[in-house]
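Okay, so here's the structure we're looking at.
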Amino acid sequence: MPILITGGAGYIGSHTVVQLLDAGQDVLILDNLCNSKAAVMERISAITEKKVDFIEGDVRDAALLQKLFSGHAIDSVIHFAGLKSVAEGGVKPLLYYDNNVAGSVTLFEQMAKANVHSLVFSSSATVYGEPVFLPYTEAHPLSPMNVYGHTKLMVEQVLRDLANSNPAWRIALLRYFNPVGAHISGLIGEEPSGVPNNLMPFVAQVAVGKREKLSIFGDDYETVDGTGVRDYIHVDDLASGHLAALEYLRQHAGVLTVNLGTGKGTSVFQLIHAFERASGTRIPYEVVPRRMGDLPEYYAQADFAQAALGWKAEHGIDRMCQDSWRWQSQNPKGFAD
């Protein structure tokens, strides 16, 4: 029975699809390609030596979803589909609420009609907001600081209410920290649209010569070296967390909420130095004023994931940088190569 992967052509989705196929699972990908490329399917097939079932479409299309659920004996859903730029969400809030919240509700409605009640939801550590304490545990107060975080928290609440209304639901809410890295083959990785919003792809583009230098937003925080600290997690570790969550849901009903992070913070300077080691390239940078809304430190307490799912992150920052550099250097133009 196939697992429906919404947004399965995207960065995290594609790496999860690879691991599912390698584990012998049948997968059906639904993606509207607004943040991804159809060429990803060929790359996944090259890695796994398996055919990829792909439907180009949108989770807001109720008729399409009804057709998918009626035409396939779908067992579970992993829901990645959604817009993810914090900056864009602030400028286009209605677009984000439509895609991320309304689209999710449409998906859940069609799942309920098809009696498919097993769901892994791609949430985010942005639901926590400014830290009351560190590291962030799953019990940390929820107070998002941006539209993107609000959309994730809204969908979490919808799913809790849904589970309370019907005990058949089996739901895992996975709160990601900072995904980085790429598949070890160098065939799939992160390809941001336009200027990268996140640090690692920006560093990689500077290293490959696509951008002149990196801007570091502040070096006067009360951190290990004055720069911002984040919990970077290898995308392959993140993907394996979804497989562990699926396995958990086969045995447990209700809602499980889990942080997926390493539990270790890495500063901007520490990441730059690790990337220089991985690439053998100097990363030019300049320090510029802080950005409004940036936090000094942001990292997970990841013990509960190990206790509940038997999962923990395996790859350190050096491996994350090595794999990011392999992807970027082999694909300087992204999937267009």
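Give the residue that is surrounded by the most Cβ atoms within 10 Å (Cβ to Cβ), with candidates limited to residues of region 280-337 that are acidic (Asp, Glu) and under 28 Å from Met145 (Cα atoms).
Glu297
Hey, can you tell me all the residues within region 45-83 that are touching a Lys or Arg at 6+ places or on another chain (Cβ under 8 Å) and hydrophobic (A, V, I, L, M, F, W, C)?
Phe69
Any residue in region 46-74 that's closer than 27 Å to Leu187 by Cα: show its pairings with residues that are in a loop (DSSP other than H, G, I, E, B) and of a type in the set (S, T, N, Q) at Cβ separation under 9 Å, as long as the two are six or more apart or on different chains.
Ala46/Ser185; Ile47/Ser185; Glu56/Asn32; Gly57/Asn32; Asp58/Asn32; Val59/Asn32
Looking at (1) of a type outside the set (Ser, Thr, Tyr); (2) more than 19 Å from Pro179 (Cβ to Cβ); (3) touching a Cys at 6+ places or on another chain (Cβ under 7 Å), can you tell me which one Arg291 breaks?
Every listed condition holds for Arg291 apart from (3).
How many of the residues making up region 268-311 are free of Cβ contacts under 8 Å to residues at least 12 places away in the same chain and closer than 30 Å to Leu246 by Cβ?
2
Take region 96-115 and flag every residue that is hydrophobic (A, V, I, L, M, F, W, C) and within 19 Å of the chain's Cα centre (by Cα).
Those that are hydrophobic (A, V, I, L, M, F, W, C) and within 19 Å of the chain's Cα centre (by Cα): Val101, Leu107.
Can you confirm whether region 97-110 contains a residue that is touching a residue at least 60 places away in the same chain (Cβ under 8 Å) and of a type outside the set (Asp, Glu)?
Yes: one or more hits.
Here are His242, His252: which of them is out of contact with any Cys (no Cβ under 9 Å at 6 or more places or on another chain), within 19 Å of His183 (Cα to Cα) and touching a residue at least 12 places away in the same chain (Cβ under 8 Å)?
Sole residue among the options that is out of contact with any Cys (no Cβ under 9 Å at 6 or more places or on another chain), within 19 Å of His183 (Cα to Cα) and touching a residue at least 12 places away in the same chain (Cβ under 8 Å): His242.
Of the residues Val120, Val147, which is β-branched (Val, Ile, Thr) and in contact with a Gly (Cβ under 6 Å, 6 or more places away or on another chain)?
Val147
For region 282-324, give me each residue that is under 21 Å from Leu134 (Cβ atoms) and acidic (Asp, Glu).
Selection gives Asp294, Glu297, Asp303.
With a cut-off of at least 3 residues that are of a type outside the set (Phe, Trp, Tyr) and farther than 30 Å from Asn164 by Cβ, name the helices (runs of 4 or more DSSP H) lying wholly within region 213-318. Spell out how you get there, then give the answer.
On the way: elements: 235-249, 268-279, 303-309.
Where helices (runs of 4 or more DSSP H) fall fully within region 213-318 and carry at least 3 residues being of a type outside the set (Phe, Trp, Tyr) and farther than 30 Å from Asn164 by Cβ, they are 235-249, 268-279.
So, in region 116-161, of the ones that are charged (D, E, K, R) and touching a residue at least 24 places away in the same chain (Cβ under 8 Å), which residue ends up surrounded by the fewest Cβ atoms within 10 Å (Cβ to Cβ)?
Glu130
Take Ala87 and decide whether it is surrounded by fewer than 19 Cβ atoms within 10 Å (Cβ to Cβ) and either over 28 Å from Ile233 (Cα atoms) or more than 20 Å from the chain's Cα centre (by Cα) (or both).
Working: surrounded by fewer than 19 Cβ atoms within 10 Å (Cβ to Cβ): yes; either over 28 Å from Ile233 (Cα atoms) or more than 20 Å from the chain's Cα centre (by Cα) (or both): no.
So Ala87 fails the test.
No value in this document is a laboratory result; all are computed from the given coordinates. Everything numeric in this text was worked out from a predicted model, so none of it was measured. Here Cβ is always computed from backbone atoms with ideal geometry, including for glycine, and neighbour counts include all displayed protein chains.
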